[in-house]
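Each reported figure results from applying straightforward, stated rules to the coordinates on display, with no laboratory input. If you're wondering where the values come from, they're calculated on a predicted model, not measured in any experiment. Virtual Cβ from ideal backbone geometry, glycine too; neighbours counted across all protein chains shown.
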Amino acid sequence: MLETDDWAALDVARDHAIRYLKDLDARPVDARSGPAEIVAAAPPALPNGGEAAEAVVRELVDLFDPGLVASAGGRFYGWVTGGTYPAGIAADWLTSAWDQLSGPGPASPAANAADVIVGRWLVELLGLPDGAMTGLVTGTQMANFTALAAGRNAQLAKVGWDVERRGLAGAPPVRVVAGRERHVTIDTALRYLGLGTDSVVPVDCDGQGRIVPAAFGDAIAAAAGGPLLVCLAAGNVNTGSFDPFAELIPVARAAGAWTHIDGAFGLWAAASPTTRHLTTGVDLADSWALDAHKWLNAPYDNAAVIVRDPDALLAAMSTNADYLTPNETTVDPLAKVPEMSRRARGFAFYAVLRHLGRAGVADLVDRTGAMARLFADRLGALPGVRIVNDVVINQVLVEFADADPAAVAAAVRASGEAFVTPSKWAGRPVLRISVSGWRTDAGDVDRTVGAIEGALRSR
């Protein structure tokens, strides 16, 4: 039975959330406690008796606050993680309060409609083909999986094989042409799909991670003759580079391939007149994947898969049962994505897009890109420091003459000033800075550069 003070839990959560967000700039960016310490502080076993909701929320704050990373702030540069806009947070709170089932369309006409509206806005904003179908998923991992499932279905159907009915045993082999610098989620998706990583024909890339057109032509020629998928990238996860879509996709089309674009964060460049040239030709593809919780700064988890041919997506993803009644006017969410039921993430997606508008999305892309270039200018001027990549969007790779990037990253994180991560590029260790949060400004860049300088001096 609901106690009268249980509603007070919502007030406690709201008050704490507002304090947390307002204090982000003053918090250490990295967590103050590790998971083992938090686990040790929790009750060792689930107590027999329950606890009032308000007390539970206060306990939640006390227990887990030390393990929070201030990824929503202006000095978090790890893993292309955005910090949610207040409009997105508010919509996410409402999503939990409304508690809508997003799956069978009649279960929530509101959730169904949000998916449709967001999909329409995305296709228009990014310059993708009219009529393309959008599904909302957890992240680009599932977006890549869903898109490649549609592609696998369509390519096998072309040679008379119904993979949804017959499975893969005995099916014609599906080959996959992809760059050597592809994101790991492509390989994971291929494993999920039963194609395996041995299906990949790898293509050489240039020093920025872009597929080399001549090598691509050779790979297509080697793989042609059967069902063929092509995976290209809008925004290399290290350098931020873009494959030359206008050169590559016509070659793939001539071979009858299905072309998929992994655009986790880089596809948002199509929304800005300043960076749109990087995505020239992207509209020629058959499917696209992108995150909202990265560069758009929507709440986790939030992403989209977009497929040119709705029939291919529906053939791969649709499900039905006697107890389910399909919506008569729109396609149900469960017909477009792997989950039969899921969080109604379309509300938060809608809220952030509506809050920003076309101009606001473009400004977010431009502003964070400008901060990335400022990072490159400031760090590149330091002795013994070299910027490895061409800073075309929001990614910066830094190499040190006399310091280990992993040690520098650890020292910066330990200082509490910023969160940066090590990586490798061309086999060499580098420091990787991803400027994705809407809060990041020149002052944050100054503080972070100062922390990096301090780490270099103290090594």
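Quick notes on this one:
- Net charge, Ala17 excluded, C-beta distance under 12 Å - Lys, Arg +1, Asp, Glu -1: -2
- The range 179-240: trypsin sites (Lys or Arg not before Pro) in DSSP coil with no more than 13 other Cβ atoms inside 10 Å: Arg180
- Taking other residues whose beta carbon is less than 15 angstrom from the beta carbon of Leu431, and scoring Lys, Arg as +1 and Asp, Glu as -1, yields +3.
- Whether the range 92-352 is rounded, prolate or oblate, judged on the alpha carbon gyration tensor where a/c under 1.5 counts as rounded: oblate
- Seen from a random direction on average, the alpha-carbon convex hull of the range 4-70 projects onto 5.1 square nanometres.
- About its Cα centre, the dipole of the range 15-75 is roughly 220 debye, where the only charges are +1 on Lys and Arg Cβ and -1 on Asp and Glu Cβ.
- Burial ordering of Arg27, Arg432, Arg386, Arg345, fewest other beta-carbon atoms within 10 Å first: Arg386, Arg27, Arg432, Arg345
- Per DSSP, loop GluC sites (Glu not before Pro) in the range 17-106 with at most 15 further Cβ within 10 Å: Glu51
- Other-chain or far-sequence residues with amide H under 5 Å of Val230's (modelled H): Val177, Trp258, Thr259, His260
- Of Leu353, Val305, Val391, farthest towards positive along the dipole that unit charges on Lys, Arg, Asp, Glu beta carbons give the range 289-437: Val391
- Shape class of the range 27-127 from the Cα gyration tensor (axes a ≥ b ≥ c, square roots of the eigenvalues): oblate, since a/c reaches 1.5 or more and a/b does not exceed b/c.
- Three semi-axes of the equivalent ellipsoid, the chain, Cα gyration tensor, whole Å, largest first: 36, 32, 20
- Contact order normalised by residue count of the chain, Cα under 8 Å, 6+ apart, percent: 22 percent
- Shown for Tyr323, Tyr192: other C-beta atoms within 10 Å of each C-beta, ranked fewest to most, produce the order Tyr323, Tyr192.
- Charged neighbours of Ile38, selected by a Cβ distance under 14 Å, balance to -3 (K, R count +1; D, E count -1).
- With R₀ fixed at 45 Å, the C-beta to C-beta distance from Asp65 to Asn327 puts the FRET efficiency at about 0.60.
- Only Lys, Arg (+1) and Asp, Glu (-1) charged, at Cβ; the chain dipole about Cα centre in debye: 1080 debye
- Span from the the range 76-125 Cα centroid across to the the range 185-240 one, whole angstrom: 31 Å
- Evaluated on the range 300-449, the Kirkwood hydrodynamic radius is 19.0 Å, with distances taken between all distinct Cα atoms.
- Whole-angstrom gap from the range 2-45 to the range 397-459, using each part's C-alpha centre: 28 Å
- Across the range 301-307, computed HN-Hα scalar couplings (Karplus, 6.51 cos²θ - 1.76 cosθ + 1.60, θ = phi - 60°) run 9, 7, 7, 9, 10, 10, 10 Hz from first to last residue, x flagging Gly and Pro.
- At 0.890 mPa s and 25 °C, Stokes D of the range 139-220 from Kirkwood alpha-carbon radius, µm² per second: 181 µm²/s
- Counting all C-alpha pairs of the range 236-341, share separated by more than 21 Å (%): 47 percent
- Trypsin sites (Lys or Arg not before Pro) lying in DSSP loop within the range 1-79, provided at most 13 other Cβ fall within 10 Å: Arg32
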